[in-house]
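In what follows, a single structure is set out as structure tokens and then discussed.
The values are calculated or read from the model by the stated rules, or taken from the named source; none is laboratory data. Just so we're clear, the structure is a prediction, and the values are computed from it rather than from any experiment. Here the Cβ positions follow ideal geometry from the backbone for every residue, glycine too, while neighbour counts run over all protein chains shown. Just so you know, the surface numbers come from the protein's heavy atoms only, side chains and all, with ligands and any DNA or RNA stripped out. Shrake-Rupley method; radii C 1.70, N 1.55, O 1.52, S 1.80 Å.
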Amino acid sequence: TGTTLPAPHVRRRFPLAPPTRTLATLLLRALRTSRSSTTAAAASSAASAVSAVANATMQGLTRINSFDGPATTARKSKSLVTLSHPINIDTINEKVKEMQYAVRGAIVTKANEIEADLLANPSSYPFDKIVYCNIGNPQSVGQKPITYYRQVLALCDYPEMLQAEGIEKMFPADVRKKATDILANMKGGTGAYSESKGVAYLRQLCADGIEARDGHPASIDDLWLTDGASVACHYLMKTIIRDENDALLIPIPQYPLYSATLTLYGGTLLPYYLQEEKGWALDVEELRTQTYKARAEGKNVRALVVINPGNPTGNALALENQKDIVKFCAEEAILLVADEVYQENVYAEGKKFTSFKKVVRDMGYLSGYPLVSMQSTSKGFYGECGRRGGYMEVCGIDDKVKDELYKLSSVGLCPNLSGQIMMGLVMSPPKPGEDSHALYIQERDGILASLKRRSITLVQGLNALEGVSCQEAQGAMYAFPTVTLPPKLLAEAAADKMSPDALYCLKLLDATGIVVVPGSGFKQKEGTWHFRTTFLPAEADIADVVEKMAAFHSSFMDEYREEGTSNKKQKI
């Protein structure tokens, strides 16, 4: 009730309620300015109002609903709402809380904590480092970047180098020309905003690359450059999902981006199960069964998502299978969404990547066939995950819908410029006869050949373990073995309220420092347990990873083995 409250004093007493503090200050000011002309009763009333505000603040009451009249006649509201803080776990979007993303879930968080502890206490664990096999992040585990890409990016970021003395000895002629052309078609270089869909010149590089790959025309009007393929997925989900009655056919096992975005935007995941015993094959009859069942339940089946090559399964679709999928979508009037970010990663003998766009066009479906294709700079042999480059090609979609997609991209202003450049370079590599071509081919083929060798080493090692079965990694960067877990482990997991495969992965981490992702994070058939592991550790390290997994698994099975059972596989 005093006439002044010094600001520092107020901040110390009421640190968590700035709005209330401001209101009290205004009331005090009104009291001071009106004192000379108000009655003692009015002044007392105003002072009481100020006191009420102060007391409410001290008690953690953060909102006063109403005041009537001028400051001199203010009265305390009858309705006070008590909140510990206006933004807390009970007041945020429920869908954000429901969303899950296992690739960077609890096990990775635990691995990060161990990694930090290892720096302070190197001898506190039975290993000397954390090996991250949980995510397709090649350069984080030692893969070298492609020289051509980095040289062009360097000149685009520091164009003054193009005029430097002796530059021709440092950078090949084709690198200098590519950087010069890119800079000539960008307003303000890599530090300025671009068009919302991406720099037109870079989209043209992508369109030319798509046309060269497929033998069919591609238009920059159909292309959005994006901050990785994940942003393209968000754009699509935001646009086509209206409510929980809109469903998307998603492969199981699936990449958790799809289940996460469906949860976030309120759609329904309609699972179709890949056939593990047939190399994770896709059965079109399964698509029909799930579609008809969902429609009978009142769902609108909006799209089919196909990940080819597969994540987490590593399968690569046969051409005839792709044709059946294209025909199915045409017959059922369903949008086909082709996640093709691993298109460079095909290792199986007799297999090769064919884009769904090429299949669609070769089958005679023209521009009216609805297809969205996604590509990324993060995978392949390039592995430039941190650049966050990608594209989305939107074909056979109404122009008014494209306008809405454009609006969505405009809200984010533009994708990052380094990612845009990187995506353009991926789709327009050095050509035969150019200075950089020989080194580019050497680096590309060396990385892909090494990935194939590592995949074979890992899969063979996993298949040698008791109770473990792993399909061939035909493509991508992962193996997805099934693990038969002992009843004792299942009981322990139930008691700990954990998924059994998550408990297995946690024990693997604690014993070896190897980080993998439980299959439950990707969804799986009921009663089966898996984990996903990359084969990205360097070739010199992959054998050690397999040996540590084998030693752990042998010890694990012995610990949880029931009496009367024995190891039925040869340990490695």
(message) Going by what's in this entry, would Glu349 be described as at pLDDT below 90 and more than 26 Å from the chain's Cα centre (by Cα)?
(response) yes
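Listed here are the residues, each with its yes/no results for (1) under 24 Å from Lys407 (Cβ atoms); (2) among the basic types (Lys, Arg); (3) in contact (Cβ under 8 Å) with a residue 40 or more places away in the chain.
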{"residue": "Tyr158", "(1), (2), (3)": "no, no, no"}
{"residue": "Lys169", "(1), (2), (3)": "no, yes, no"}
{"residue": "Asp174", "(1), (2), (3)": "no, no, yes"}
{"residue": "Ile182", "(1), (2), (3)": "no, no, yes"}
{"residue": "Met186", "(1), (2), (3)": "yes, no, yes"}
{"residue": "Thr190", "(1), (2), (3)": "no, no, yes"}
{"residue": "Gln204", "(1), (2), (3)": "yes, no, no"}
{"residue": "Ala212", "(1), (2), (3)": "no, no, no"}
{"residue": "Gly215", "(1), (2), (3)": "no, no, yes"}
(request) Please state which of the following conditions Ser124 fails to meet, knowing it meets all the rest: (1) surrounded by 15 or more Cβ atoms within 10 Å (Cβ to Cβ); (2) of a type outside the set (Lys, Arg); (3) in contact with an Asp or Glu (Cβ under 7 Å, 6 or more places away or on another chain). (result) (1)
(request) Give segment 127-155 a look and list any residue that's surrounded by 15 or more Cβ atoms within 10 Å (Cβ to Cβ) and more than 27 Å from the chain's Cα centre (by Cα), or say none. (result) Phe127, Gln151, Leu155
(message) Checking the conditions here, which among Leu413, Leu405 is of a type outside the set (Asp, Glu) and in a helix (DSSP H, G or I)?
(response) Leu405
(request) Run down Ala164, Ala229, Ala207 and say which single residue is on the phi < 0 side of the Ramachandran plot, at pLDDT 95 or above and open to solvent by less than 60 Å² (accessible area, probe 1.4 Å). (result) Ala207
(request) Identify the single condition in (1) surrounded by 20 or more Cβ atoms within 10 Å (Cβ to Cβ); (2) more than 27 Å from the chain's Cα centre (by Cα) that Leu304 does not satisfy, given that it satisfies every other one. (result) (2)
(request) Output yes when any residue across segment 435-458 is among the β-branched types (Val, Ile, Thr) and more than 30 Å from Ile182 (Cα to Cα), and no when none is. (result) yes
(message) If I filter segment 347-401 down to residues being acidic (Asp, Glu) and within 26 Å of Lys238 (Cα to Cα), which single residue comes out as surrounded by the most Cβ atoms within 10 Å (Cβ to Cβ)?
(response) Glu393
(request) Read through the list (1) over 23 Å from Gly314 (Cα atoms); (2) within 19 Å of the chain's Cα centre (by Cα); (3) touching a residue at least 40 places away in the same chain (Cβ under 8 Å), then give the number of the only condition that Lys299 fails. (result) (2)
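Can you pull out the residues in segment 232-259 that are open to solvent by 10 Å² or more (accessible area, probe 1.4 Å) and in contact with a Phe, Trp or Tyr (Cβ under 8 Å, 6 or more places away or on another chain)?
Within segment 232-259, Tyr235, Lys238, Ile241, Tyr255, Leu257 meet the criteria.
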(request) Go through the residues of segment 417-438 one by one and say whether even a single one is touching a Leu at 6+ places or on another chain (Cβ under 6 Å), more than 21 Å from Glu344 (Cα to Cα) and open to solvent by less than 70 Å² (accessible area, probe 1.4 Å). (result) no
(message) Here is a check on your reading of the model: is Tyr292 aromatic (Phe, Trp, Tyr), closer than 16 Å to Val337 by Cβ and either in contact (Cβ under 8 Å) with a residue 24 or more places away in the chain or surrounded by fewer than 23 Cβ atoms within 10 Å (Cβ to Cβ) (or both)?
(response) no
